[in-house]
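The values are calculated or read from the model by the stated rules, or taken from the named source; none is laboratory data. Just so you know, these numbers come straight off a predicted model, no measurement behind them. Heads up, the Cβs are rebuilt from the backbone with ideal geometry, glycines too, and the neighbour counts pull from every protein chain shown.
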Amino acid sequence: MHIPDGYLSPQTAGGMWALVIPAWYWAGHRVKSTLSSRQAPLVAIGAAFTFVIMMFNIPLPGGTTGHAVGGTIITIIIGPWAAVIAISVAIVIQAVFFGDGGILAIGANCFNIGFILPITGYFTYKLLARGAAPKSPRRWVAAGIGAWVGLNAAAFLTSVEFGLQGELFNAADGSALYSPYGLATAIPAMMIPHLLIVGAIEAVMTSMIYVFLMKTNASLLENYAGVKAAAAGGFKLKPLIVGILLLLVCTPLGLLATGTAWGEWGTKDISREIGYVPEGMASLAGRWQGLLPDYAFPESEEVAAAGMGGASGEESGGSLVAEENAAESRDPVSFDGMRESTPAYVVSGILGLILVTGVALMAMRMLTGRSRGKEHLG
Amino acid sequence: MAEQISTPAWMNEPGKSDSLSMSAGRSRRESAVQKTIMGMSEAIRESVFSERIAARPGLLQETDPRIKTIGLLGLLIATSFLHTWYIVLAIYGLTLMMAFASRISLGFFIKRVWLFVPIFAGIIALPSLFNIFRPGDPLLTIWEFGGELTLGPWSLGTSLAVTHQGLKGAVLLILRVATSVSLAVLWALTTHWADLLKALRVFLVPRIFVLVLSMTYRYIFLILGLAADMFTARTSRMVGSSSPREDRRFVASSMATLLGKSHVLSEDVYSAMISRGYTGEPVILHRFRTVAGDWLWLVAVILLGVAALGSDRLIG
């Protein structure tokens with residue numbers, strides 16, 4: 001599946017670089033936050049392992065041999081983000097030192113095999129193995145299916161990249177400039193063997209490795225869960241506080257926004273827009289009053305209403321959540337009204353932020369608290 | 001008292017004891033295990049060999065790694081933009097000249113590139129010669145069907161022919177692949193791997209990636225050694241041959257074991273790095289210095305690349 005140089009037009013190869021660089025950046029960021037200084041050796045040795053197992057010949061029925069990528073099993077163990085970097089590094093080394101795959105095609109190969117394969121493989125595994133007991137057969141079946149899905153997703157993308165060359169890059173006389181086949185040929189030519197044979201090898205090998213590890217080295221399979229729990233335990237408050245302060249500073253900006261936030265119409269807006277208020281809506285409106293209706297103190301409500309246009313008191317059911325900015329309806333700003341309403345608006349913002357942050361922190365504590373006990377790094 | 005020693009019957013059966021003989025791999029199909037051991041030793045041998053070429057005095061070996069990387073990559077990009085086959089051929093000629101000036105045996109260089117190209121480019125390009133896969137003006141008609149031939153929902157047309165366009169496209173594809181591979185091989189053969197990775201810093205590759213790349217390259221050989229040992233140990237304990245099923249199980253369990261070993265290794269390496277004062281920020285030494293000759297080479301390469309692209313546009 002490694003695309004050599006010469007098959008892809010520079011436009012396609014360049015486009016794939018543009019896709020893979022943000023993927024690497026994001027993966028690198030995630031790895032740094034979960035593994036900190038441990039990342040370099042783990043990723044490097046993961047990459048070396050990936051490189052080596054791609055060299056293993058697997059005996060197939062009928063006497064031939066094939067290769068596996070092993071992308072999904074490595075992802076299950078070191079986690080999807082570290083695996084993105086590790087597989088990409090293995091691909092770079094294969095291309096540069098061993099001539100396997102092109103240099104300009106590194107972008108495409110890393111996106112297909114280094115990004116799409118582990119991400120789709122891992123999340124398929126996660127989805128299918130959710131809630132399965134540690135020794136449940138569902139786990140190794142999920143690993144096999146994940147490997148099959150990941151490999152075929154990568155193969156499909158590769159075949160589309162090949163097929164686009166035949167569709168788009170032809171000389172004036174109709175001769176091919178790069179890979180000569182269109183999508184209608186490239187996709188079946190690539191997908192039939194991958195769906196039936198190559199994917200099956202990958203799935204069977206992944207399941208067999210998984211079963212072996214279940215029996216002999218079960219803690220390795222829990223490695224990534226451990227790393228994630230430890231990273232969540234070391235939660236950093238600073239970025240959160242900086243973010244909240246930034247939101248607070250920006251709060252008054254909301255006063256400048258005109259119009260109503262889409263979908264947050266009050267009954268008055270509705271009747272203005274569509275000419276009537278639906279019966280069900282009218283009966284529900286006003287059942288719940290916000291703490292600070294219309295983001296204004298009750299006594300200055302009239303001033304605020306005058307200043308900020310037609311916002312209605314009945315609609316503010318969502319006001320506790322839609323706190324930070326332009327959630328309200330107002331006509332072109334009148335500065336008199338704005339001066340009056342600003343303090344109430346900022347207080348609404350602060351209250352909302354405190355509430356939302358509190359709820360988020362509580363939810364996080366509930367979600368991570370369970371795994372707090374096992375803060376090992378594998 | 002004399003002990004009865006008898007040869008087990010299966011040992012006398014031809015074929016079963018093949019793996020006992022040293023030449024077993026050649027005479028019958030090689031077992032997957034043997035193939036893997038061979039592949040691994042080949043990889044190690046090749047990289048040792050290329051380090052030896054990188055140590056020879058020659059044009060590209062003496063060029064600053066960063067300048068060389070920019071120049072060869074520039075040519076690679078220029079090659080990917082070309083649309084005329086003989087201009088690609090000219091660039092291929094240029095790689096041969098550079099290989100000669102770098103004291104790489106041309107026989108070795110050509111063989112290394114052209115052993116690879118037919119397998120990948122040749123097989124893929126072959127069907128595109130025919131009008132069944134890509135329409136075009138017939139150049140050589142092989143078979144007149146005598147009426148339209150259909151295969152299920154697909155129409156195969158009225159004849160099987162090699163097309164003019166198919167041939168042109170295939171020649172361009174094969175030459176382009178060969179030239180690209182030649183440029184990559186030149187780059188890898190004439191540069192020490194450590195310098196090659198450091199040269200990536202020119203392209204603003206983050207230091208942490210350069211560190212990871214160089215660690216990976218080093219540990220590949222350690223892990224290759226571990227894997228080869230596991231395979232050899234198993235082969236040395238075997239009498240007779242094993243079924244593909246058994247082999248598959250062995251390959252899977254050795255992959256799993258290797259995964260466990262690699263993980264332990266990474267923990268050990270991490271502790272070792274920490275004990276030496278590693279904080280997460282790698283430090284990389286630079287000892288590159290460019291001389292006038294480097295810049296001269298780069299200017300020449302850029303001029304050639306631009307000339308190739310320019311003439312390609314004029315002709316095309």
Problem set entry | the range B:37-55 - residue that is among the hydrophobic types (A, V, I, L, M, F, W, C) and crowded, with 16+ Cβ neighbours inside 10 Å and, of those, nearest to B:W193 (Cα to Cα) | B:A54
Exercise. Which of the residues belonging to the range A:95-133 are facing another protein chain (nearest Cβ under 10 Å) and either touching a residue at least 24 places away in the same chain (Cβ under 8 Å) or part of a helix (DSSP H, G or I) (or both)?
Worked result: A:A95, A:V96, A:F97, A:F98, A:D100, A:G101, A:G102, A:I103, A:L104, A:A105
Seminar exercise, completed: Within the range A:1-55, the residues that are touching a Lys or Arg at 6+ places or on another chain (Cβ under 8 Å) and farther than 30 Å from B:I44 by Cα are A:T34
Exercise. Counting just the residues of the range B:184-215 that are within 17 Å of the chain's Cα centre (by Cα) and facing another protein chain (nearest Cβ under 8 Å), which one comes out surrounded by the most Cβ atoms within 10 Å (Cβ to Cβ)?
Worked result: B:A184
For this session: Find the residue count for the range A:77-86, including only residues that are more than 10 Å from chain B (Cβ to nearest Cβ) and touching a residue at least 40 places away in the same chain (Cβ under 8 Å).
Result: 5
Seminar exercise, completed: Inside the range B:249-260, the number of residues satisfying the requirement of being at the interface with chain A (Cβ under 7 Å from one of its Cβ atoms) and in contact (Cβ under 8 Å) with a residue 60 or more places away in the chain is 1
Exercise. In the range A:58-67, which residue that is within 8 Å of another protein chain (Cβ to nearest Cβ) and out of contact with any Gly (no Cβ under 9 Å at 6 or more places or on another chain) is modelled with the lowest pLDDT?
Worked result: A:G63
Seminar exercise, completed: Within the range B:56-94, restricting to residues that are surrounded by 23 or more Cβ atoms within 10 Å (Cβ to Cβ) and among the hydroxyl-bearing types (S, T, Y), the one that is nearest to A:S9 (Cα to Cα) is B:S80
Exercise. Does A:S9 satisfy the criteria of being facing another protein chain (nearest Cβ under 9 Å), out of contact with any Gly (no Cβ under 6 Å at 6 or more places or on another chain) and not hydrophobic (A, V, I, L, M, F, W, C)?
Worked result: yes
Exercise. Quick one: how many residues across the range B:33-67 are more than 20 Å from the chain's Cα centre (by Cα), basic (K, R) and within 14 Å of chain A (Cβ to nearest Cβ)?
Worked result: 0
Exercise. Which pairs have Cβ atoms under 8 Å, sit 6 or more apart or on different chains, and link a residue in the range B:26-44 that is more than 21 Å from B:I223 (Cα to Cα) and basic (K, R) to one that is at pLDDT below 80 and part of a helix (DSSP H, G or I)?
Worked result: B:R28/B:D18
Exercise. Among the residues of the range A:123-142, is any touching a His at 6+ places or on another chain (Cβ under 7 Å), crowded, with 24+ Cβ neighbours inside 10 Å, closer than 21 Å to A:V43 by Cβ and not basic (K, R)?
Worked result: no
Exercise. Is one or more of the residues making up the range A:144-152 part of a helix (DSSP H, G or I), at the interface with another protein chain (Cβ under 10 Å from one of its Cβ atoms), closer than 28 Å to A:H29 by Cβ and not small (G, A, S)?
Worked result: no
Problem set entry | Yes/no for A:A23 being aliphatic (A, V, I, L, M), part of a helix (DSSP H, G or I) and more than 7 Å from every other protein chain (Cβ to nearest Cβ) | yes
Problem set entry | Test for A:L195: is it more than 11 Å from chain B (Cβ to nearest Cβ) and modelled with pLDDT of 85 or more | yes
Exercise. Residue check, A:M55 against (1) in contact with a Ser or Thr (Cβ under 8 Å, 6 or more places away or on another chain); (2) surrounded by fewer than 23 Cβ atoms within 10 Å (Cβ to Cβ); (3) within 8 Å of chain B (Cβ to nearest Cβ); (4) part of a helix (DSSP H, G or I), all met but one. Which one?
Worked result: (4)
Exercise. Any residue at all in the range B:106-121 that is in a helix (DSSP H, G or I), aromatic (F, W, Y) and at the interface with chain A (Cβ under 10 Å from one of its Cβ atoms)?
Worked result: yes
Problem set entry | Residues of the range A:156-180 satisfying the condition of being at the interface with chain B (Cβ under 10 Å from one of its Cβ atoms) and among the acidic types (D, E) | A:D173
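Table: residues versus (1) in contact with a Gly (Cβ under 9 Å, 6 or more places away or on another chain); (2) in contact (Cβ under 8 Å) with a residue 24 or more places away in the chain; (3) of a type in the set (S, T, N, Q).
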{"position": "B:K68", "(1), (2), (3)": "no, yes, no"}
{"position": "B:G74", "(1), (2), (3)": "yes, yes, no"}
{"position": "B:M97", "(1), (2), (3)": "no, no, no"}
{"position": "B:A101", "(1), (2), (3)": "yes, yes, no"}
{"position": "B:P138", "(1), (2), (3)": "no, yes, no"}
For this session: Go through the residues of the range B:237-256 one by one and say whether even a single one is loosely packed, with under 15 Cβ neighbours inside 10 Å and among the small types (G, A, S).
Result: yes
Exercise. Mind checking which residues of the range B:257-293 are of a type in the set (D, E) and in contact with a Lys or Arg (Cβ under 8 Å, 6 or more places away or on another chain)?
Worked result: B:E281
For this session: Might you let me know whether the range B:261-281 holds any residue that is more than 12 Å from chain A (Cβ to nearest Cβ), of a type in the set (V, I, T) and either under 29 Å from the mean Cα position of the chain (by Cα) or surrounded by fewer than 18 Cβ atoms within 10 Å (Cβ to Cβ) (or both)?
Result: no
Seminar exercise, completed: Considering only helices (runs of 4 or more DSSP H) wholly within the range B:151-245, the ones with at least 1 residues that are within 28 Å of B:K261 (Cβ to Cβ) and free of Cβ contacts under 8 Å to residues at least 24 places away in the same chain are B:193-199, B:207-236
